[in-house]
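Visitor: I have a structure here, written as structure tokens, and I will follow up with some questions on it.
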Amino acid sequence: MNRLSLTIFAAFTALSSSLTAATTTLDLTTAGTAINSTANIGGAFRIEQISPQSTGTGVIDPFVRIQANTNEQGYNTSLGTPLDTKSGQFTRALTLAEIPIVTISGVQYRQFLLDINQNTGGNNEFLNLTQIQIFQTSADRIDGVVNPLSDSNSVSALTFPTGPAATEIFRMSATTNNNYTTILMDYSLNSGSGSGDMFLYVRNSLFNAALSNIIMYSDFGQDPAGAGSNDGFEEWAVLKASTAPCIGCTVVPEPTSVSLLGTLIAGLGWMTWKRRSAISI
């Protein structure tokens, strides 16, 4: 190999290494794994692999179901079934008040739950989640547009080009070539639909209380490395239980809950005072 060939080969190797290094895989294929990472928009976020016992029966409140073979994408709305979303009551508008707030290491997060469905055997149980976006809007929307992919190494993103304001507060992956994050999950760690596979935590400070409608877009199986969708629907949900389980977290009540609690305590105090007054008379 002559000097020119060596120079070209070295440059190509360096370029390939830099492209590979720009892709971040968050590996949740080990039970109980918790990972802190940084999003393209929205800063620090956290994901956790969860056990079926973390959700329990009757506490999951789904807001979007997405299903297609190999690559699937969609977002929640009550106005229809955009992209690969499934029709029915479990694809719907979501309000900010429905999303639990939990505190982890002194930081408040909004908690989302993901339940995946894959075949088993071989590598069929693995699934990549390559894009997550969260928008806040003043009203429900169905006019989202997905960007055209520049090549096989780029990832998708949703935009709302017209209509009322849609503020993007979170985007996990950049859309430029090889500069993205992918979450790798293993369906075989849990069994059956509805058991839950992952918690996503997005910082509560990103959310604007004045914009009550929440839209979440996600894209599965787009990663060139494979691990595409191959079975039933993927489902995003929030927990409607009185507690929102997580690894090392505490639950923070919504302001309305705090107000109701304060009213209840005040009422109990008044009843106690009244009873004591009646006894003293």
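The values are calculated or read from the model by the stated rules, or taken from the named source; none is laboratory data. Since the structure is predicted, the reported quantities are computational estimates derived from the model, not experimental observations. Please note: Cβ atoms are built from the backbone with ideal geometry, for glycine as well, and neighbour counts cover all protein chains shown.
Visitor: Could you list, ordered by first residue, the pairs with Cβ atoms under 9 Å in which the first is in region 16-34 and under 16 Å from residue 200 (Cβ atoms) and at pLDDT below 95 and the second is surrounded by 11 or more Cβ atoms within 10 Å (Cβ to Cβ) and aromatic (Phe, Trp, Tyr), at least 6 apart or interchain?
Guide: Pairs found: 24/180.
Visitor: Of the conditions (1) under 17 Å from the mean Cα position of the chain (by Cα); (2) at pLDDT below 95, residue 112 satisfies every one except a single condition; which number is it?
Guide: Of (1) under 17 Å from the mean Cα position of the chain (by Cα); (2) at pLDDT below 95, only one is false for residue 112: (2).
Visitor: Out of 196, 232, I need the residue that is within 18 Å of the chain's Cα centre (by Cα), modelled with pLDDT of 85 or more, outside any strand (DSSP E or B) and within 20 Å of residue 86 (Cα to Cα). Which one? Even if it seems obvious, please write down each step before you answer.
Guide: Details: 232 fails: within 18 Å of the chain's Cα centre (by Cα).
One residue alone meets the criteria, 196.
Visitor: Still on this structure, I have one more. Condition first: out of contact with any Leu (no Cβ under 7 Å at 6 or more places or on another chain) and modelled with pLDDT of 95 or more. Now tell me which residues in region 46-61 satisfy that.
Guide: 46, 48
Visitor: I need every pair where a residue in region 151-166 that is in a loop (DSSP other than H, G, I, E, B) has its Cβ under 7 Å from the Cβ of a residue that is at pLDDT 80 or above and aliphatic (A, V, I, L, M), sequence separation at least 6 or different chains.
Guide: So the pair list comes out as 156/146; 160/166; 161/145; 164/139.
Visitor: If a residue must be outside any strand (DSSP E or B), under 20 Å from residue 67 (Cα atoms) and of a type in the set (A, V, I, L, M, F, W, C), how many such residues does region 125-148 contain?
Guide: The total comes to 1.
Visitor: Can you tell me which residue is farthest from residue 112 (Cα to Cα) among those in region 134-168 that are aliphatic (A, V, I, L, M) and surrounded by fewer than 20 Cβ atoms within 10 Å (Cβ to Cβ)?
Guide: 149
Visitor: Something else about it: Determine, yes or no, whether residue 157 is within 24 Å of residue 144 (Cβ to Cβ) and over 17 Å from the mean Cα position of the chain (by Cα).
Guide: In short, no.
Visitor: Restricting to region 169-184, count the residues that are surrounded by fewer than 18 Cβ atoms within 10 Å (Cβ to Cβ) and hydroxyl-bearing (Ser, Thr, Tyr).
Guide: Total satisfying the criteria: 2.
Visitor: Whether any residue in region 244-258 is among the small types (Gly, Ala, Ser), surrounded by 10 or more Cβ atoms within 10 Å (Cβ to Cβ) and modelled with pLDDT of 50 or more is what I want to check.
Guide: yes
Visitor: Looking at 120, 137, 182, 167, can you tell me which residue is more than 20 Å from residue 76 (Cα to Cα) and either modelled with pLDDT of 95 or more or over 14 Å from the mean Cα position of the chain (by Cα) (or both)? Spell out how you get there, then give the answer.
Guide: Numbers: 137 fails: more than 20 Å from residue 76 (Cα to Cα); 182 fails: either modelled with pLDDT of 95 or more or over 14 Å from the mean Cα position of the chain (by Cα) (or both); 167 fails: more than 20 Å from residue 76 (Cα to Cα).
Unique residue meeting the criteria: 120.
Visitor: Then there's this: Is it the case that region 60-78 has a residue that's out of contact with any helix residue (DSSP H, G or I) (no Cβ under 9 Å at 6 or more places or on another chain), surrounded by fewer than 18 Cβ atoms within 10 Å (Cβ to Cβ) and among the hydroxyl-bearing types (Ser, Thr, Tyr)? Walk me through it before giving the result.
Guide: Of the residues in region 60-78, the ones out of contact with any helix residue (DSSP H, G or I) (no Cβ under 9 Å at 6 or more places or on another chain) are 60, 62, 64-78.
Going one step further and asking which of them are surrounded by fewer than 18 Cβ atoms within 10 Å (Cβ to Cβ), we end up with 67, 69-71, 78.
Cutting the leftovers down to among the hydroxyl-bearing types (Ser, Thr, Tyr) gives us 70, 78.
Yes, region 60-78 contains a residue that is out of contact with any helix residue (DSSP H, G or I) (no Cβ under 9 Å at 6 or more places or on another chain), surrounded by fewer than 18 Cβ atoms within 10 Å (Cβ to Cβ) and among the hydroxyl-bearing types (Ser, Thr, Tyr).
Visitor: Would you please name the residue that is surrounded by the fewest Cβ atoms within 10 Å (Cβ to Cβ), looking only at residues in region 84-124 that are of a type in the set (Gly, Ala, Ser) and part of a loop (DSSP other than H, G, I, E, B)?
Guide: 106
Visitor: For region 147-174, which positions are aliphatic (A, V, I, L, M) and more than 19 Å from residue 93 (Cα to Cα)?
Guide: The answer is 149, 155, 157, 172, 174.
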